[in-house]
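Below is one structure, written out as structure tokens, with a few remarks after it.
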Amino acid sequence: MLRGVSQRAKGAFTLRLVRAQRGNPGLNPSSPRRELANRSLLPHSHYTTDTTSREENKKIIESLYGLSVDIKKIRRLKEWVLFQDVAYVKETATILQEMGANEATIASILERWPEAILRSPAEINSQRALWQLVCQNEKQLIKLIEQFPESFFTTEFHENQRANILFFQELGLRNNIITRFLTSAPSIFYNPVEKNKHTIKTLQRSYLSLGGSNANMKIWILKLLSQNPFILLNTSTVVQENLEFLQKNDFTNHEVLQLLSKLKGFIFQLTPTSMQKSMVFSKNVFKCSDQELKQLVLKCPALLYYSVPILEERLEGFLKEGISIEQIRETPMVLELTTQIVQYRIKKLSASGYNVRSGSLETLNGTKKDFEVTCGKIQSKKERPMFNPVAPINTED
């Protein structure tokens, strides 16, 4: 017991020491401001949002009331739309109705994205024809518009969107994947298609240079894009720099490919500087050699991907729960879990009769479903009656 307390105290001290070292530029080089690869690329609207010294357009108000739209919601969220001189309320509603939308659906769309009424009928019909290239039918299309009106009614990049849809189809992506991109990652369609093609070619060259085969390259690229389409927001230079950083840190080509698969392309949203900082932090916390650190990273790519503040927060969360640095080093994958999830799982395991502080952290790992199965097994084992096969059986004479 005392030994466990000593180890936890030692771990806490190590973490404080590493935090102090971060302030030393010689030990932890500072990095320029990091730009997120999935930054918003919303178009600059040509409509004015200035509502001073102006009045609401009564015609717009009346038309929206006629469609049972909640004007209060629009005033609260996008009031400036009501001040525009030109709007296409009835025309937009008619097009949506033609696609199968009922009154409630039309009202919901306009309340969530009132800018839709500022798009001309020609612009909306062009988007309609474009999205029909990848939608099974108009029933699916109207459902997507209701869920993601912003993506559909962003028409400024129409030609880029069309070119990129055709490119993704030629590349081999299924229409349902392209549809998911249109709704969840619309900004990748705003790029000129040449830019996306160049990034894909860079990825293909990198895959082959790392020892990947031509036969598997297409599958690898499609899987990578499906997992993380935001890699297309990076430049080919960023992709190359990050791969070179890993190679310079003695990761073999096979290990780099392994990391790319495990990180689902998120590695391309990092920078060599941020990765270096995370690796220095982990090396100091776990007091390991470069080779040992490499093995830890291969087990848990989160040590490479998460920033130092996130790693620090999660380590502190474990230490507060009485778990030692040594335990975490044995099962580093637990750092992929948030502090809140860890606290919940430890509490549930404790209620099932399992002490994480003296046992393996493997019980914390896995998906929610995996964890529930683990808890069930522990609970059933606890409740199972003990049976002694050599005990005498009481029988009546």
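The table that follows gives values for the structure above.
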item	result
Sites LYS143 and ASN253, calculated FRET efficiency, Cβ-Cβ separation with R0 35 Å, nearest 0.05	0.20
Estimated vicinal HN-Hα couplings, Hz - segment 347-360 in sequence order (Karplus 6.51, -1.76, 1.60; Gly, Pro = x)	5, 5, 5, 4, 5, 8, x, 10, 9, 5, 5, 10, x, 8
Distance-filtered residues of segment 130-165 - backbone nitrogen under 16 Å, label point 7 angstrom along ASN176 Cα→Cβ	134-137, 140-141, 144
Proxy reagent accessibility, fewest Cβ within 10 Å first, across HIS198, HIS254	HIS254, HIS198
Value of relative contact order over segment 259-352, rounded to a whole percent, pairs C-alpha under 8 Å and six or more apart	27 percent
Cβ-based net charge around LYS73, under 10 Å, with every Lys or Arg adding one and every Asp or Glu removing one	+3
Integer Hz, Karplus 6.51/-1.76/1.60 couplings in order for segment 248-263, x for Gly and Pro	5, 9, 6, 7, 6, 4, 4, 5, 5, 4, 4, 5, 4, 5, 5, 7
Virtual spin-label span in nm between THR183 and GLU372, 7 Å along Cα→Cβ	2.4 nm
Rel. contact order, % - alpha carbon contacts under 8 angstrom, at least six apart, segment 148-273	24 percent
Extended-chain gain in nm, criterion 0.36 nm per residue less alpha-carbon gap, ASN355 and THR271	26.3 nm
For GLU336, net neighbour charge (Lys/Arg +1, Asp/Glu -1) across residues whose Cβ lies under 11 Å away	+3
Where labels lie 7 Å past Cα in the beta-carbon direction, separation of ALA129 and SER236 in nm	3.3 nm
Mean Cβ neighbour count within 10 Å, used as a protection proxy, ranking 104-112, 360-368 highest first	104-112, 360-368
Whole-number percent relative contact order across segment 100-181, with pairs defined as alpha carbons under 8 Å at least 6 apart	36 percent
Sequence of VAL373, VAL69 once ranked by neighbouring C-beta atoms within 10 Å, starting from the fewest	VAL373, VAL69
Fewest-first ranking of TYR344, TYR190, TYR88, using other Cβ atoms within 10 Å as the exposure measure	TYR344, TYR190, TYR88
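Each value in this text was obtained by applying a stated rule to the coordinates, not by laboratory testing. All values reported here derive from a predicted model rather than from experimental measurement. Cβ atoms come from the backbone with ideal geometry, glycine included; neighbour counts cover every protein chain shown.
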